[in-house]
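Since the structure comes first, as structure tokens, the remarks are kept for the end.
The values are calculated or read from the model by the stated rules, or taken from the named source; none is laboratory data. Quick caveat, the model's predicted, so the values are computed rather than measured. As a convention, Cβ positions derive from the backbone with ideal geometry for all residues, glycine included, and neighbour counts pool all protein chains shown. All accessible areas refer to the heavy atoms of the entire protein, side chains included, with ligands and DNA or RNA removed. Shrake-Rupley method; radii C 1.70, N 1.55, O 1.52, S 1.80 Å.
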2 protein chains.
Amino acid sequence: MVLQVRAGELQVLLWQRAQEPFADSWALPGGYLEPGETLEQSIRRHLAEKVDVRELAHLEQLETRSEPERTPDEWQLATAYLGLVPSDADPRVPDDTEWHPVDALPPLAFDHESIALAGRERLRAKLSYTNIGFALAPGEFTISELRDLYGAALGHDVSATNLQRVLLRRRVLESTGRLRAPGPTGGRPGALFRFRTHALEVTDQFAVLRPPGPARAFVA
Amino acid sequence: MVLQVRAGELQVLLWQRAQEPFADSWALPGGYLEPGETLEQSIRRHLAEKVDVRELAHLEQLETRSEPERTPDEWQLATAYLGLVPSDADPRVPDDTEWHPVDALPPLAFDHESIALAGRERLRAKLSYTNIGFALAPGEFTISELRDLYGAALGHDVSATNLQRVLLRRRVLESTGRLRAPGPTGGRPGALFRFRTHALEVTDQFAVLRPPGPARAFVA
DNA sequence: ACGGTTTTCGCCCCATAGTCGTAAACCTTA
DNA sequence: TAAGGTTTACGACTATGGGGCGAAAACCGT
């Protein structure tokens, strides 16, 4: 599943199935695994038919579903992946493919609704303790723009003051020194920031039971 | 993979392969998926041959590995699971099966070393922000005993004072009102505690960007 | 009664997050 | 140029929660 913040909402890329089962209903993009292919290679290959995969700033494995009831006829295992597209990209998508707000999903095929919601929760959790925001944000942005991105992805308002202070202290963000020109309505120009790194790092050391020494940063 | 704290160390259950490939080397217990079977049903079935699965206090899916190089001859996908056994259980295991400290693993077959280490990291992370300790601990225990369990699983010393204060505040632990008789060397008898619930709950709301309102507890 | 041992608990410090108010920097319009 | 509106930046204060430490409590043995 591919997520992007579009028009102030967290949206997911869906395509309309042409064939049975679940003809005409919406589904997450994907497809079969070819022999000798890695799961990640496979999902990238299938996504490439729907969206420019170079826009994919992050891709990680979610869960493997194996319930026999999840598919009507033959038994199929499915390994779900979560992909993220920065909000400044507007990839061309085929005619049978559309973005839909995760908060207002149409009826989905198979167990895809459950997968989509699980992906949203994974994103929300990681926004709080990793630097995964780099995969949702443009290369440079003001704190207000980042606040709106986080708000859309998390589903609730966040404070720009806190966001800036926390992400700077964790060294997730760094200042570019440049300013963004104010909009037509005026206002003080916002300072432009960028994510210090575009590789996933855990930035919040879970409280209790912290090992002695400086905070580690490890990839998850 | 099955983990248990034994003799003050975090140990993993391994069995010695009798057949090629990797004959005589150690491997994580597991086996093939049967048609119509859930992955979780399958891993429970295979584990049942090695250990009393009723002792399994927790079982969760880890990651699905698909690299073609992970198996020598035919291509095999593997979905790893993490199982936990409380420290007061001492399940009978077959002759070809042994517990090994995760910090001193023998050479393992396939990519099982990588899986074992990933499982240990998952456990360590969840110890800090969930109540997953219930799956490592006996039904009742003193804070000192729990401190030793956490220390073994985390790989570093933890403070009994902090552990008690934090887990009580998060309402992970509750007092039983009873005391444990002191050992032969004397000392003040320790108060007995238990985990309030034996279902996995996230107890630490990741800091920043917390939604308004009281802390939620949700299953992951 | 008196050390030795283990557990318990209160106290203080510090790091980090949340809130709020004010100042700064820009726009448009008069 | 001045004034009012808008947006961002930033400091001050508060609240929460974890870490460290030492004293007191409760048991053992001699």
Is one or more of the residues making up the stretch B:106-113 more than 11 Å from DNA strand C (Cβ to nearest atom), within 14 Å of chain A (Cβ to nearest Cβ) and either under 23 Å from B:Leu47 (Cβ atoms) or part of a loop (DSSP other than H, G, I, E, B) (or both)?
yes
Go through the stretch A:136-168 residue by residue and tally those that are in contact (Cβ under 8 Å) with a residue 40 or more places away in the chain and either part of a loop (DSSP other than H, G, I, E, B) or more than 14 Å from chain B (Cβ to nearest Cβ) (or both).
10
Residues in the stretch B:107-130: is at least one β-branched (Val, Ile, Thr) and farther than 30 Å from B:Thr176 by Cα?
yes
Select, from B:Glu49, B:Glu98, B:Glu67, the only residue that is surrounded by fewer than 21 Cβ atoms within 10 Å (Cβ to Cβ), within 14 Å of chain A (Cβ to nearest Cβ), more than 30 Å from B:Pro182 (Cα to Cα) and in contact (Cβ under 8 Å) with a residue 40 or more places away in the chain.
B:Glu67
Residues A:Ala118, A:Ala89: which one is of a type in the set (A, V, I, L, M) and either under 20 Å from A:Leu173 (Cβ atoms) or part of a loop (DSSP other than H, G, I, E, B) (or both)?
A:Ala89
I'm checking my understanding of the structure. Among residues of the stretch A:169-204 that are within 9 Å of DNA strand C (Cβ to nearest atom) and not in a loop (DSSP other than H, G, I, E, B), which one is farthest from the other protein chains (Cβ to nearest Cβ)?
A:Gly186
Condition broken by B:Glu60, with the remaining ones in (1) surrounded by fewer than 16 Cβ atoms within 10 Å (Cβ to Cβ); (2) within 14 Å of another protein chain (Cβ to nearest Cβ) satisfied:
(1)
State all residues of the stretch B:166-178 that are open to solvent by 20 Å² or more (accessible area, probe 1.4 Å) and in contact with a Ser or Thr (Cβ under 6 Å, 6 or more places away or on another chain); if no residue qualifies, say none.
B:Arg170
Would you mind finding the one in B:Pro35, B:Pro29 that is open to solvent by less than 30 Å² (accessible area, probe 1.4 Å) and part of a loop (DSSP other than H, G, I, E, B)?
B:Pro29
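If I filter the stretch B:55-71 for residues that are in contact with a strand residue (DSSP E or B) (Cβ under 6 Å, 6 or more places away or on another chain), among the aliphatic types (A, V, I, L, M) and part of a loop (DSSP other than H, G, I, E, B), do I get at least one hit?
yes
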Selection from the stretch B:139-151 of residues out of contact with any helix residue (DSSP H, G or I) (no Cβ under 6 Å at 6 or more places or on another chain) and either within 20 Å of B:Val12 (Cβ to Cβ) or β-branched (Val, Ile, Thr) (or both) yields B:Thr142, B:Asp148, B:Leu149, B:Tyr150, B:Gly151
Qualifying residue in the stretch A:27-40 (condition: within 21 Å of B:Glu40 (Cβ to Cβ), touching a residue at least 40 places away in the same chain (Cβ under 8 Å) and touching a Leu at 6+ places or on another chain (Cβ under 9 Å))
yes
Restricted to the stretch A:166-185 and to residues being over 23 Å from the mean Cα position of the chain (by Cα) and closer than 15 Å to A:Ala137 by Cβ, the residue farthest from DNA strand D (Cβ to nearest atom) is A:Thr176
Can you find a residue that is away from DNA strand D (no atom under 16 Å from the Cβ), touching a Lys or Arg at 6+ places or on another chain (Cβ under 7 Å), closer than 22 Å to A:Leu59 by Cβ and open to solvent by 30 Å² or more (accessible area, probe 1.4 Å) anywhere in the stretch A:144-165?
no
Within the stretch A:169-188, residues more than 20 Å from A:Ser87 (Cα to Cα) and either among the polar types (S, T, N, Q) or modelled with pLDDT of 95 or more (or both) come out as A:Thr185
When the residues of the stretch A:70-82 are narrowed to those that are touching a residue at least 60 places away in the same chain (Cβ under 8 Å) and not small (Gly, Ala, Ser), which ends up least open to solvent (accessible area, probe 1.4 Å)?
A:Leu82
Residue count, the stretch B:189-220 (criterion: among the acidic types (Asp, Glu) and modelled with pLDDT of 85 or more)
1
